[in-house]
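Engineer: The structure's right below; bear with me while I get my questions together.
The values are calculated or read from the model by the stated rules, or taken from the named source; none is laboratory data. Since we're looking at a predicted model, the values are computed, not measured. Cβ placement follows ideal geometry from the backbone for every residue including glycine, while neighbour counts extend to all protein chains displayed. Calculation scope for accessible area: heavy atoms of the full protein, side chains included, ligands and nucleic acids excluded. Shrake-Rupley method; radii C 1.70, N 1.55, O 1.52, S 1.80 Å.
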Amino acid sequence: MKILVTGGAGYIASHTNVELLNAGYEVVVIDNLINSDKESIRRVEKLTGKKITFYEADICNKEALEAVFEKETIDAVIHFAGLKAVGESCQIPLTYFDNNLCGTIYLLEMMKKYDVKTLVFSSSATVYGLPESVPITEDFPLSVSNPYGRTKLMIEDMLRDIYQADNGWDIAILRYFNPIGAHESGEIGEAPNGIPNNLLPYVAKVAAGELDYVRVFGDDYDTPDGTGVRDYIHVVDLALGHIKSLEKLKQHPGLVTYNLGTGVGYSVLDIIHNFEKACHKTIPYQIVERRPGDIDICYADAKKAKEELGWEATRSIDVMCEDAWRWQSKNPKGYAK
Ligand code: NAD
Ligand code: WQD
């Protein structure tokens, strides 16, 4: 089976590509490298001993996208391509709407034209907005508070409408919680441009001595230690969820939606202390103001994916931190030479 992976040079996609190739799938990647490096493709090929067909192109470029569908006989698409920085999306919302929404519309048009109606889509727990309680099940009300989140919810809505109009589609909407960690080899991992926005890469850079201290955004939340609680999931567990979803789609289930999380919440201070164990260093931190838009607590009810996909996350928070540290130590500059 040949899988088109959009955004296939990125963080989650590179780990998914390893699992796809190891499971015997052929992988075709389209990525414009706006937030990634072609070196990730080379490293995945090295890790697996298998080739990836790589197209450096923008999914918003209809001709380039069509050329891929024309040349390759695609069986299914995993759609990762998109911009993902919440703060940036508030500053340049139109860029986010253009890239994430138009890119997805062009992709869906091409899939329809070439009769490729099997899709796995990268959604996010951000579509639950401010959840009324935890754990969060897939039928919770949906709402968003920033342009990035809005693109995810709008794409989900588009997919539900498309399926409603033509139930020949098979679509898995995967709502990721907080992906962290890296491949155990230390060869692939998260390589954010500039100063990281997300907690884990920030903590890793403090541990490496590149940044002075972690700013903990608030300690007066309604959580056990007052700092924000999230459902951190190892990126390899997340990647394996995509393989299980593809297997599910082979059974023609129609449109399905799954939370991909662990079902366990850790606070910011838990993460800092677990990372200290992994890197054998003290990580300095300071409590600062809350970050606008943050919620106190968010973790998944992961039962549906377990029951219907036969998937569950198995890697512990210790392993997540150890793998993230191995990647950081081996690649202080990310993929840059
Ligand atoms: P990433 O930035 O590492 O990967 C996204 C990839 O898409 C990058 O390689 C980028 O170059 C590419 N891309 C962006 N726009 C493109 C375009 N127009 N044409 C071609 N390629 C394009 O991010 P990631 O963390 O691996 O996230 C992958 C997907 O998962 C994204 O859709 C993201 O919104 C979603 N997601 C991520 C998280 C997270 O915390 N990392 C959580 C929930 C959902
Ligand atoms: C985690 C916790 C912060 C940085 C974001 C997106 C979400 C999804 C995943 C894509 C929070 C605290 C953070 C720091 C801190 N992405 N924190 N100091 O906000 O849960 O989710 O990434 O879909 O849509 O919103 O992740 O890693 O930024 O924050 O104290 O320097 O760490 O307040 O409690 P978040 P995060």
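Engineer: Name the residue, out of Thr282, Thr262, that is within 16 Å of ligand 1 (Cβ to nearest atom) and out of contact with any His (no Cβ under 7 Å at 6 or more places or on another chain).
Structural biologist: Thr262
Engineer: Name the single residue that is surrounded by the fewest Cβ atoms within 10 Å (Cβ to Cβ) among those in segment 196-222 being farther than 15 Å from Ser329 by Cα and among the hydroxyl-bearing types (Ser, Thr, Tyr). Before you say what the answer is, go through the steps one by one.
Structural biologist: Narrowing segment 196-222 to residues farther than 15 Å from Ser329 by Cα: 196-199, 212-222.
So of that shortlist, the ones also among the hydroxyl-bearing types (Ser, Thr, Tyr) come out as 213, 221.
Numbers: Tyr213: 12, Tyr221: 19.
Out of the qualifying residues, it is Tyr213.
Engineer: Going through segment 38-54 one residue at a time, which ones are buried (at least 19 other Cβ atoms within 10 Å of the Cβ) and within 11 Å of ligand 1 (Cβ to nearest atom)?
Structural biologist: Ser40, Ile41
Engineer: Which of (1) touching a residue at least 60 places away in the same chain (Cβ under 8 Å); (2) buried (at least 20 other Cβ atoms within 10 Å of the Cβ); (3) not aromatic (Phe, Trp, Tyr) does Met111 not meet, given it meets every other one?
Structural biologist: If we test Met111 against (1) touching a residue at least 60 places away in the same chain (Cβ under 8 Å); (2) buried (at least 20 other Cβ atoms within 10 Å of the Cβ); (3) not aromatic (Phe, Trp, Tyr), just (1) comes out false.
Engineer: Starting from segment 285-305, take each residue that is polar (S, T, N, Q) and list its partners that are open to solvent by less than 90 Å² (accessible area, probe 1.4 Å), counting only C-beta distances under 6 angstrom and pairs at least six apart or across chains.
Structural biologist: Correct list of pairs: Gln286/Tyr213.
Engineer: Does Lys281 satisfy being closer than 25 Å to His15 by Cβ, surrounded by fewer than 20 Cβ atoms within 10 Å (Cβ to Cβ) and more than 12 Å from ligand 2 (Cβ to nearest atom)? Give the steps one after another, and end with the answer.
Structural biologist: Values: closer than 25 Å to His15 by Cβ: no; surrounded by fewer than 20 Cβ atoms within 10 Å (Cβ to Cβ): yes; more than 12 Å from ligand 2 (Cβ to nearest atom): yes.
Considered against the rule, which asks whether it is closer than 25 Å to His15 by Cβ, surrounded by fewer than 20 Cβ atoms within 10 Å (Cβ to Cβ) and more than 12 Å from ligand 2 (Cβ to nearest atom), Lys281 comes out as no.
Engineer: Then there's this: What is the one condition in (1) crowded, with 17+ Cβ neighbours inside 10 Å; (2) within 15 Å of ligand 1 (Cβ to nearest atom); (3) more than 30 Å from Lys248 (Cα to Cα) that Asn193 does not satisfy?
Structural biologist: (1)
Engineer: What is the number of the single condition among (1) buried (at least 20 other Cβ atoms within 10 Å of the Cβ); (2) part of a loop (DSSP other than H, G, I, E, B); (3) within 16 Å of ligand 2 (Cβ to nearest atom) that Asn35 does not meet?
Structural biologist: Only one criterion in (1) buried (at least 20 other Cβ atoms within 10 Å of the Cβ); (2) part of a loop (DSSP other than H, G, I, E, B); (3) within 16 Å of ligand 2 (Cβ to nearest atom) is unmet by Asn35, namely (1).
Engineer: Just to be sure before I move on: is Val116 away from ligand 2 (no atom under 15 Å from the Cβ), part of a loop (DSSP other than H, G, I, E, B) and within 28 Å of Gln251 (Cα to Cα) in the structure I sent? Break it down stepwise before answering.
Structural biologist: Values: away from ligand 2 (no atom under 15 Å from the Cβ): yes; part of a loop (DSSP other than H, G, I, E, B): yes; within 28 Å of Gln251 (Cα to Cα): yes.
Taking the combined requirement at face value, the residue satisfies it.
Engineer: Being under 21 Å from Asn178 (Cβ atoms) and among the hydrophobic types (A, V, I, L, M, F, W, C) narrows it down to one residue among Ile92, Ile3, Ile78, Ile30; which is it?
Structural biologist: Ile78
Engineer: Just give me the residues in segment 87-122 being basic (Lys, Arg) and either more than 22 Å from His242 (Cα to Cα) or in contact with a Cys (Cβ under 7 Å, 6 or more places away or on another chain) (or both), in sequence order. Steps first, answer last, please.
Structural biologist: Filtering segment 87-122 down to residues basic (Lys, Arg) leaves 112-113, 117.
Hit for segment 87-122 is Lys113, nothing else.
Engineer: Quick one: count up the residues across segment 319-331 that are in contact with a Lys or Arg (Cβ under 9 Å, 6 or more places away or on another chain) and open to solvent by 60 Å² or more (accessible area, probe 1.4 Å). Before the answer, list the steps.
Structural biologist: At the first step, the residues of segment 319-331 found to be in contact with a Lys or Arg (Cβ under 9 Å, 6 or more places away or on another chain) are 321-323, 328.
Okay, now just the ones that are also open to solvent by 60 Å² or more (accessible area, probe 1.4 Å), so 322.
Counting residues in segment 319-331 that are in contact with a Lys or Arg (Cβ under 9 Å, 6 or more places away or on another chain) and open to solvent by 60 Å² or more (accessible area, probe 1.4 Å) gives 1.
Engineer: Could you check how many residues of segment 163-190 are under 22 Å from Leu309 (Cβ atoms), open to solvent by less than 40 Å² (accessible area, probe 1.4 Å) and near ligand 1 (Cβ under 10 Å from one of its atoms)?
Structural biologist: Adding up the residues that qualify gives 6.
Engineer: Please specify each residue of segment 13-32 satisfying the condition of being within 13 Å of ligand 1 (Cβ to nearest atom) and open to solvent by 30 Å² or more (accessible area, probe 1.4 Å).
Structural biologist: Correct list: Asn32 only.
Engineer: Return the residue satisfying two criteria in turn: it lies in segment 55-82 and is free of Cβ contacts under 8 Å to residues at least 40 places away in the same chain and of a type in the set (A, V, I, L, M), and of such residues it is surrounded by the fewest Cβ atoms within 10 Å (Cβ to Cβ).
Structural biologist: Here the residue is Ala67.
Engineer: May I pose another question? For segment 126-159, how many residues meet the condition of being open to solvent by 10 Å² or more (accessible area, probe 1.4 Å), within 16 Å of ligand 2 (Cβ to nearest atom) and among the aliphatic types (A, V, I, L, M)?
Structural biologist: So the answer is 6.
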